[in-house]
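Report on one structure; see the data block that follows.
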């Protein structure tokens, strides 16, 4: 059985970390399969939304430090750079991404979840930048992303203490988009994915890029990028279809009002 499963349901792709006996801890083979799955999603123009989750009761316990990881021709620095490339590939996907988190999301597992645009968690989910408790420093982009999400003080508390944080606490910090019960989690994610998939793929991609790049730009630069993106949107078939739908809806509303007056 593959340690990473890639599934498709209409316009929604789902990548499942599939080592439930190891709480979906990520070993070298899992990294390789995850890289292949993310690459496949990036190259499929029919996919409009990606859901990333873990099999069983946990999202991911992070890197598999205790597993029987096979020998590698890479040095430790080269391995870390390879891991970085995979996490960056998740960040750079043009389509919206949703992390569906149940149980543990710790270490690199937490930061892969945070690489997604939305994090929907069960009320039993727990998060931790556990690295320091393993004599390691934060990785997976956590040092860049956490201060932007929660501020430098909270980021330091998360990384220097490595405490477990509940889903409710994580939502209050801005790490999590929505918290639901474990039973409601699959439905909540499916509904969010369907809402996203119903929008223009181009408009979503442009908006996502503008927001991600805007963090490092001046206001003038950001607005210039917005202007260029909007010009592309207006020239698209998606915009033409949306305007036609808008006109029809307006005509229907006018017809209903006229009938109401006559009645």
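Each value in this text was obtained by applying a stated rule to the coordinates, not by laboratory testing. Here the structure is a predicted model, which means the values were calculated and not measured. Cβ sites come from the backbone with ideal geometry, for glycine too, and all protein chains shown count toward neighbours.
The figures follow:
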item	result
Projected label distance in nm at residue 225 and residue 149, using a 7 Å step from Cα toward the beta-carbon	2.0
Separation of alpha-carbon centers, the stretch 2-66 and the stretch 155-191, rounded to whole Å	19
Alpha-carbon Rg with Dmax, taken over the stretch 22-159, Å	14.6, 43
Cα-projected label distance for residue 163 with residue 46, points at 7 Å along beta-carbon direction, nm	4.8
Of 218, 28, 187, the one that fluctuates the most in a GNM where the chain has Cα springs shorter than 10 Å	218
Reciprocal mean inverse distance between Cα atoms of the chain - Kirkwood radius, Å	20.1
Net lengthening on full extension, residue 84/residue 248 (0.36 nm per residue, minus Cα-Cα)	54.3 nm
The stretch 1-54 - Debye-derived log10 I(q)/I(0), Cα point model, q = 0.12, 0.17, 0.19 Å⁻¹	-0.25, -0.49, -0.60
Sorted by Cβ neighbour density within 10 Å, fewest at the top, the residues 58, 91	91, 58
Fewest-first sequence of 83, 239 by Cβ atoms within 10 Å of each Cβ	239, 83
Residues 117, 57, sorted so that the one with the fewest Cβ neighbours within 10 Å comes first	57, 117
Rh by Kirkwood over Cα pairs, then Stokes-Einstein D for the stretch 95-203 at 1.306 mPa s and 10 °C, µm²/s	112
Reciprocal of mean inverse Cα separation for the stretch 37-108 (Kirkwood radius, Å)	14.2
